[in-house]
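A.B. asks: Below are the structure tokens for one structure; questions will follow.
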Amino acid sequence: MFRNFKTVERIVFGRGCFNQLNDILAEQRTDRRPCVVFLVDDVFIRHPLKERLPLHDQDLLIWVNVDDEPKTRYVDQLTDQVRRAMADKKMDLPAGVIGIGGGSTMDLSKAVSLMLTNKGSSADYQGWDLIRNPAVYHAAVPTLSGTGAEVSRTTVLTGPQKKLGINSDYTVFDQVVLDPEMIADVPAQQRFYTGMDCYIHCVESLTGTYLNTFSQAYGEKSLELCRKVFLEGGPESDDQLMMASFFGGMSIAYSQVGVCHALSYGLSFVLGVHHGIGNSIVFDYLEEFYPEGVAEFREMLTRQQITLPRGVVADASDEQIEKMVDVALILVPLWENALGEQWERIMTRERIRDLYKRM
Ligand SMILES: NC(=O)c1ccc[n+]([C@@H]2O[C@H](COP(=O)([O-])OP(=O)(O)OC[C@H]3O[C@@H](n4cnc5c(N)ncnc54)[C@H](O)[C@@H]3O)[C@@H](O)[C@H]2O)c1
Ligand SMILES: [Fe+2]
């Protein structure tokens, strides 16, 4: 069976296109549902962007905090907050939910838009195709590029039991607004780490056993753009990084990620290390799996003057390391993509444990 995958319905791209958001949202507002919910990364509380939000009288602006990556508990709390606000306004649902921020904020807005129309806790839906009802209209304005969250059919959440996405066709954004000016002020380190998420998506997709021409077409273009951004630089860098992220996301949508992401999930679940930096920490130890990718990654580190954190696992207990191994091993499709059907022979618990202990 070939996957019949859903993509983002509408995309606007270009410097300054954020100014069109008001017109875009006007099409969604109705007499019965006039109100739009804006979930905005609280890094912008004192930023000029705040004055540019196309807020109408009835709209709800919620500043979200992403110091921790999104948790199911936080999604449930935000959903309740929106429900209460709608009840106060005598409305059943908002016209839409708009996420403005990086991967974490985009994921929060996907999750809230889903949970407004589906009962229970977001933790109940971590998995594949468990969502029953279509989400409220949802759109994203990325302010950080690399994760591919703007195109993917998942919202990655940490729940009481696991870090796992709500994967469904309903998760996909209805609209994305890709304005390269939005990523202009990202601090260099953050830009690098989130950018490396994209670079690693491409390496893992292009070297994986699941590769096909569709994924290859997007992955190769994305990789080329990453090289321009992180090895050359130049005035088009923000535009290039934004499209690299989008294409990297399209590439893995029809293939899969690999060893680095599997190990990074373990690191993140147990130690709370964020996705981009976690991937970068892990990737530096994966020369045996991705020799060319790792060599080029190190060149990018040097060019961008980034020093990777070391010894992040040094203080972890044996129990914590075992948990990391458990979390990594659950991700069967990632291992299978990276190492083939016989992956269990190659990637034993001992080998994963040894890799973690070196980090
Ligand atoms: N849904 C998916 O397909 C998918 C894929 C990969 C990763 N993810 C998720 O994405 C998250 C990581 O996203 P991320 O790397 O984009 O980072 P992020 O959204 O976690 O943000 C990282 C930091 O950058 C700040 N920031 C964001 N935009 C900024 C700007 N323009 N200027 C200054 N600071 C800014 C944030 O406030 C935060 O402190 C993780 O939670 C991960 O699980 C999701
Ligand atoms: Fe990733």
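The values are calculated or read from the model by the stated rules, or taken from the named source; none is laboratory data. None of these values were measured; they are calculated from a predicted model. Cβ sites come from the backbone with ideal geometry, for glycine too, and all protein chains shown count toward neighbours. In case anyone asks, the SASA skips ligands and DNA or RNA and just uses the protein heavy atoms, side chains included. Shrake-Rupley method; radii C 1.70, N 1.55, O 1.52, S 1.80 Å.
A.B. asks: Tell me, what % of the accessible area of region 230-296 is carbon and sulfur with a 1.4 angstrom probe?
C.D. replies: Whole-percent figure for carbon plus sulfur exposure: 53.
A.B. asks: Can I ask one more? What is the distance, in nm, between label points placed 7 Å from the Cα along the Cα-to-Cβ direction at LYS323 and at LYS89?
C.D. replies: Here the modelled spin labels are 4.0 nm apart.
A.B. asks: Computed FRET efficiency, Cβ-Cβ of GLN161 and GLU9, R0 35 Å: what is it to the nearest 0.05?
C.D. replies: For R0 = 35 Å, the calculated efficiency reads 0.60.
A.B. asks: Here's a follow-up. Percent of accessible area on region 61-154 owned by carbon and sulfur, 1.4 Å probe?
C.D. replies: Solvent-exposed carbon and sulfur of region 61-154 make up 49 percent of the total.
A.B. asks: Let me have the 222 nm mean residue ellipticity of the chain computed from DSSP H runs of 4+ only, each contributing -39500 (n - 2.57), with the sum over all residues rounded to the nearest 500. Intermediate results must be reported in sequence, preceding the final value.
C.D. replies: Working: 14 runs with 161 residues, N = 359.
Rounded to the nearest 500, the figure is -14000 deg cm²/dmol.
A.B. asks: Continuing with the same structure: For the chain, find the longest principal axis of its Cα atoms and tell me its angle to the long axis of helix 318-330, 0 to 90°, nearest 10.
C.D. replies: 70
A.B. asks: Continuing with the same structure: Please list, in order along region 29-36, the HN-Hα scalar couplings obtained from phi with the Karplus expression 6.51 cos²θ - 1.76 cosθ + 1.60 (θ = phi - 60°), rounded to whole Hz, x for Gly and Pro.
C.D. replies: 6, 10, 4, 6, 10, x, 9, 10
A.B. asks: Ordered by residue, what ³J(HN,Hα) values in Hz, to whole numbers, does region 107-118 give under the Karplus form 6.51 cos²θ - 1.76 cosθ + 1.60, where θ = phi - 60° and Gly and Pro are x?
C.D. replies: Here the 3J(HN,Hα) series is 5, 4, 6, 4, 5, 5, 5, 6, 6, 5, 10, 10 Hz.
A.B. asks: Over the chain, average the accessible area per residue using a 1.4 Å probe and give it in Å², no decimals.
C.D. replies: Values: 15980 Å² over 359 residues.
Per residue, the chain has 45 Å² of solvent-accessible surface.
A.B. asks: Continuing with the same structure: Taking 0.36 nm per residue of sequence separation and subtracting the Cα-Cα distance, how much length would be gained by fully extending the chain between TRP128 and THR302, in nm to one decimal?
C.D. replies: Here the segment from TRP128 to THR302 would lengthen by 58.7 nm.
A.B. asks: For region 18-133, rounded, prolate or oblate, judged on the Cα gyration tensor with a ≥ b ≥ c (square roots of eigenvalues), a/c < 1.5 rounded, else prolate if a/b > b/c?
C.D. replies: Taking the square roots of the gyration eigenvalues as a ≥ b ≥ c, region 18-133 is oblate.
A.B. asks: Next question. Could you tell me the calculated FRET efficiency between ARG310 and ALA188, based on Cβ-Cβ distance and R0 = 25 angstrom, to the nearest 0.05?
C.D. replies: It comes out at approximately 0.80.
A.B. asks: Given labels modelled 7 Å from the Cα in the Cβ direction, how far is it in nm from ASP31 to GLN216?
C.D. replies: 5.6
A.B. asks: Turning to a different aspect of this structure: Using alpha-carbon positions, what is the distance between the centroids of region 220-287 and region 116-193, in Å?
C.D. replies: So the separation of the two Cα centres works out to 16 Å.
A.B. asks: Determine the equivalent ellipsoid of region 202-358 by diagonalising the alpha-carbon gyration tensor, then write out the semi-axes as square roots of 5 times the eigenvalues, largest first, rounded to whole Å.
C.D. replies: So the three semi-axes of region 202-358 are 27, 20, 12 Å.
A.B. asks: Could you derive backbone 3J(HN,Hα) for region 141-154 from the dihedral phi with the Karplus parameters 6.51, -1.76 and 1.60 (θ = phi - 60°), listing whole Hz in sequence and x where the residue is Gly or Pro?
C.D. replies: 10, x, 10, 8, 10, x, 5, x, 4, 5, 10, 7, 9, 9
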